[in-house]
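Written below as structure tokens is the structure these notes are about.
Where a number appears in this text, it was derived from the coordinates with a stated rule and is not lab data. None of the values given here were measured: they were computed from a predicted structure. Heads up, the Cβs are rebuilt from the backbone with ideal geometry, glycines too, and the neighbour counts pull from every protein chain shown.
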Amino acid sequence: MPPDDNRPPFFATNYIRFLGGRNTLFTLLILILIGLVVFIFREVSFIFNPLNVFMKTVVLPVVLALIFYYLLRPVLRLLERFKIPRIWGILIIFLGGIGLLTLLSLLVFPYVRDQFQNLIEEFPDYFMRLLNNTDQFLRNSLVGDYYQDSDFNIEALIATLPTSIADTLQATVTGIITRVTSWISTITGVILSIVIVPFILFYLLKDGDKLPDYFLKLLPPRFRDDTREVLRDADKQLGAYIQGQLIVAFCIGVMVYIGFLIIGMDYALLLGALAMVTSIVPYIGPAIAITPAAIIALVTSPFMLVKLAIVWTVVQLVEGNLISPQVMGKTMYIHPVTIIFVLLTAGSLFGVVGVILGIPMYALLRVIVSHLYKLFKRRYNRYETDLDNQYDYTEL
């Protein structure tokens, strides 16, 4: 029999339509090609070792410079509104930063250093008193008989604790000695990165607003509008997060310091500084900050622990309901569950750096993916309309 010339094209058959049409087949083909590319790159990964070394060397100073850039850019723009040239504004900012660091090192740093040294010396005593109090409480509680008859109790832990600490310190010292070369190279790299930061920051403040235009000129004209929109949204997201998070962290540190002074907590300034630094990391940071404060308060007196809980609750309520909504707004709203998953994943992949930079990197990735999805929908809807006009699937 001659072939039926009226049969629909291959992509319009019922079976292909059931599988999702040509889009499904093309998607599978793209995934296969991506898998082949990943496999090939993994096999020749040694070629990219110089690039990996370059990225590891450059990432730290560039990230630090970007953080200071987004923090100081509003100050520079404010100076420009007063008809101050950009170069002079940058010099004023640098001189002000040097003066501020000098003032902090002369007035605040010695006091914080003394508190830190005292806390390091007295913290083992606080910890031992906490273990003894917990042991006495468990012995006199309803589970006292079971606790005393058990193979593991706090008294046995206290007896073996000095030996465990000595073994741990010895192993730590041995590990440091064996890795002293890598430690020296790492410390040298960090110092060089910190020295390079002011130079990168100077050129970012000087020419940072021109960088998007330089980059757009490298692209074909039809891609420039969409890329400009992506860069503008990414700049807005990163700027809002960095500026807002640092302002919120500073407010938390000040409130914790004032609250601890009111209730008479020891090491109030040091604990406030710790709360300010750790609050940069959402959810995980406050838990880290309150741990040493809770130990000190619990050893001091149960009533001090109650006062600590009241201060911490007030700080979190003020931060969550007043400071963060006013400072951060809704430009960086991310669901708490998403934040937790991002922090866990970034921490597992990149350690402490991943925990600190996980949220802004997620925000940047979300901007890029959302724009790509919008472009995909715009392109897909256009071709879908063309296919619907070409084939009348209702007759099949």
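Summary of packing: across the peptides 115-122, 311-318, the per-residue average of other C-beta atoms within 10 Å ranks them, highest first, as 311-318, 115-122.
Each Lys or Arg adds one and each Asp or Glu subtracts one; over the other residues with Cβ under 11 Å from the Cβ of Leu204, this totals +1. For Lys236, a cut-off of 29 angstrom between C-alpha atoms picks up these lysines, skipping any fewer than 8 places away in its own chain: Lys56, Lys83, Lys206, Lys210, Lys217, Lys330, Lys374, Lys377. Across the stretch 81-89, rounded Karplus estimates of 3J(HN,Hα) from the backbone phi angles (6.51 cos²θ - 1.76 cosθ + 1.60, θ = phi - 60°) give 5, 8, 6, 8, x, 4, 4, 5, x Hz, Gly and Pro being marked x.
Determine the sum of side-chain charges near Thr313: Lys and Arg each +1, Asp and Glu each -1, restricted to other residues whose C-beta is under 14 angstrom from that of Thr313. Don't skip to the answer; put the middle values down first.
Numbers: positive: Lys307; negative: Glu319.
Charge balance in the 14 Å sphere: 0.
Peptide packing: for 365-377, 274-286, the average count of neighbouring Cβ atoms within 10 Å per residue gives the ranking 274-286, 365-377, highest mean first.
Shown in residue order for the stretch 94-99 are the 3J(HN,Hα) couplings computed by the Karplus curve 6.51 cos²θ - 1.76 cosθ + 1.60 at θ = phi - 60°: 5, 5, x, x, 5, x Hz (x for Gly and Pro).
Label sites at Lys210 and Leu192, each approximated as a point 7 angstrom past Cα along Cα to Cβ, lie 2.9 nm apart. Sequence-ordered 3J(HN,Hα) estimates for the stretch 244-257 from the Karplus curve with 6.51, -1.76 and 1.60 and θ = phi - 60° stand at x, 5, 5, 5, 4, 4, 5, 5, 5, x, 5, 5, 5, 4 Hz, glycine and proline given as x.
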